[in-house]
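**Student:** Pasting in a structure now, in structure tokens, and then I'll have a few things to ask.
Read-outs: derived from the displayed coordinates by stated rules, not from any lab. Because the structure is predicted, anything quoted here is derived from the model rather than measured. Glycine gets a Cβ as well: all are built from the backbone with ideal geometry, and neighbour counts include every protein chain shown.
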Ligand SMILES: CC(C)(COP(=O)(O)OP(=O)(O)OC[C@H]1O[C@@H](n2cnc3c(N)ncnc32)[C@H](O)[C@@H]1OP(=O)(O)O)[C@@H](O)C(=O)NCCC(=O)NCCS
């Protein structure tokens, strides 16, 4: 058993959400991505440490290298405006252990629409079925309750607290560890419910 080839994403999973699509993230997404990643309400919930859009551009270029463990990052786009709504993908990919970590972020104007819950579920299923992963994990900075809700809803289980796990802009941060296995009972996984509608808030991107 091995990992299916992981390269730049040419066949992103269908989202099942009207007006929302996934595709490979591209250099042209950098400005819009940085516009919301640099907002305090976004970066404070993550370990991103970006001084400029160029920092993000360098990270993104790493995502475009073909290789079995290259991070996979997809742009979440509004299909009518082509606007970047968020990103979601996998990093810390192990082709030996068939495992990876899922990560996502959305522009604040699109929070609360159920997008993260639905797309986390889609990408989780895709990583098991299309890529052949066995374990998907997520690490959540302590206090990020919205992200924990997303994961629990998608059937991820809390495994414990990782003390001082990752540097958060120069300070060791504690992270909660969640995981879901391809063999977990489908009934255990929460199913995102409710319609996905447009947010009345203005987009942060
Ligand atoms: C976390 C994040 C991805 C959630 O995206 P979203 O599309 O708004 O998520 P959803 O609408 O699918 O669901 C959010 C859930 O969190 C809950 N929630 C939202 N804000 C919350 C808060 N401040 N405290 C507790 N729960 C909260 C919502 O009620 C919802 O739960 P429910 O469906 O059980 O009611 C988004 O807030 C974000 O991009 N944050 C900044 C980046 C980030 O934190 N990335 C994840 C790093 S691990």
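**Student:** Under a GNM of the chain (C-alpha, springs under 10 Å), which listed residue has the highest mean-square fluctuation: 93, 17, 102?
**Tutor:** Of 93, 17, 102, the Gaussian network model singles out 17 as fluctuating most.
**Student:** For the chain, what does the helix formula give at 222 nm: sum of -39500 (n - 2.57) over DSSP H segments with n ≥ 4, over the residue count, nearest 500 deg cm²/dmol?
**Tutor:** My calculation for the chain gives -6500 deg cm²/dmol from helical runs alone.
**Student:** In the chain, what percentage of the DSSP-assigned beta bridges are antiparallel, given to the nearest 5?
**Tutor:** Counting DSSP beta bridges with both partners in the chain, the antiparallel share is about 90 percent.
**Student:** Let me have the relative contact order for segment 1-139, percent, based on Cα pairs under 8 Å that are six or more residues apart.
**Tutor:** 27
**Student:** Still on this structure, I have one more. Using a Gaussian network model of the chain whose springs link C-alpha atoms within less than 10 Å, name the residue from 112, 170, 155 with the highest mean-square fluctuation.
**Tutor:** 170
**Student:** Fewest Cβ neighbours within 10 Å first, please rank 31, 148 accordingly.
**Tutor:** 31, 148
**Student:** When the chain is modelled as a GNM with alpha-carbon springs shorter than 10 Å, which of 24, 51, 129 fluctuates the most?
**Tutor:** Most flexible of the set in this elastic network: 51.
**Student:** Rank the residues 101, 145 as a footprinting-exposure proxy: fewest other Cβ atoms within 10 Å of their Cβ go first.
**Tutor:** 145, 101
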